[in-house]
Amino acid sequence: MRAKKAASATACIAANTFHLFNFDSRTLPIWKAELAAFKALISPAAAPNGVDEQTLLDWFGASVERIALLVYALYRIVPTHVARELTIGNFRADYGWADVDPAVDPTVGLIELENCEPSTLFVQKGRTAPYLGNRFLGGFGQLVDWCAFGRTAANADAKISAVLGARHHSAAYVYALVAGDQRFASDALSQMRMQWWHENLKLGQGTVTRTFDKLITDGGQALTILDKAK
């Protein structure tokens, strides 16, 4: 794993520990407001040149509710536990989460966030088709490491065992990468390439790749459905 930047002055929840998340009557209004705030944060008006990684990490890491919203926007799963800067053996995930339901086997997720800047997804280097960006490829490489090597470490991790209990070894592990913005890669070829990557490159028991603008769109749709189901 690459070294992370120095800790920001922004207040975040405690790192490398699972925090309990309780979904109740206050959650949906909070999630709606937070999603709107995040949309404004990365909008072209507020951030014409995009948003750096540390700002994004600090924003989601500021509260349990924001990390849970990130999980729900990606998977439409309400997690029971969330974590920031989760270290598992020699690996570290920007965010971790777990869904522990007595009726089904548990799910554990690891999420990598990259920056949301013009060169995140693609870089033009003298050919018709842009090259995939180093930040996007590096972020996906994190998911490969988690799937190939991190699962063994996770099976021996005391923090995960404490959350999952007796069904620790029956858990499904899923991985997500959120990086870039489609406004910086809006041509038809780039869109096709990102769609192909999302549909065809899968790791382990599940992989999700999203741009931040798609995360907002998916999250909004998920919250609308959740609101109607009340």
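The values are calculated or read from the model by the stated rules, or taken from the named source; none is laboratory data. Keep in mind the model is a prediction, meaning the values are calculated, not measured. So basically every Cβ, Gly included, is an ideal-geometry build from the backbone, and we count neighbours across all protein chains shown. The accessibility values were calculated without ligands, DNA or RNA, using every heavy atom of the protein model including side chains. Shrake-Rupley method; radii C 1.70, N 1.55, O 1.52, S 1.80 Å.
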Checked the stretch 85-133 for anything within 30 Å of ARG167 (Cα to Cα) and among the polar types (S, T, N, Q); matches are THR87, ASN90, THR107
For the stretch 102-132 the number of residues that are over 18 Å from the mean Cα position of the chain (by Cα), part of a loop (DSSP other than H, G, I, E, B) and within 28 Å of LEU189 (Cβ to Cβ) is 9
Checked pairs for the stretch 139-155, first at negative phi, second part of a helix (DSSP H, G or I) and open to solvent by 20 Å² or more (accessible area, probe 1.4 Å), C-beta under 9 Å and 6 or more apart or across chains, list as PHE140/TRP197; ASN155/SER161; ASN155/HIS169
Among residues of the stretch 174-230 being part of a loop (DSSP other than H, G, I, E, B) and of a type in the set (Ser, Thr, Tyr), the residue nearest to GLY96 (Cα to Cα) is THR211
Restricting attention to the stretch 143-161, the residues that are more than 13 Å from VAL174 (Cα to Cα), open to solvent by less than 60 Å² (accessible area, probe 1.4 Å) and either among the hydroxyl-bearing types (Ser, Thr, Tyr) or in contact with a Leu (Cβ under 7 Å, 6 or more places away or on another chain) (or both) number exactly 1
If we keep only residues of the stretch 198-223 that are aliphatic (A, V, I, L, M) and more than 13 Å from the chain's Cα centre (by Cα), then the residue surrounded by the fewest Cβ atoms within 10 Å (Cβ to Cβ) is LEU201
For the stretch 211-230, pairs from a residue that is β-branched (Val, Ile, Thr) to a residue that is at pLDDT below 95 and outside any loop (DSSP other than H, G, I, E, B), with Cβ under 6 Å and 6 or more apart or across chains, are THR211/GLN182
Restricting attention to the stretch 71-101, the residues that are part of a strand (DSSP E or B) and either within 14 Å of GLU112 (Cα to Cα) or of a type in the set (Val, Ile, Thr) (or both) number exactly 14
Residue pairs within 8 Å by beta carbon, gap of at least six or interchain, first lying in the stretch 111-123 and under 17 Å from TYR95 (Cα atoms), second of a type in the set (Phe, Trp, Tyr) and assigned to a strand (DSSP E or B), listed first then second, are ILE111/TYR95; ILE111/TRP97; ILE111/TYR175; GLU112/TYR175; LEU113/TYR95
Among ALA33, ALA40, the single one that is part of a helix (DSSP H, G or I) and under 25 Å from SER119 (Cα atoms) is ALA40
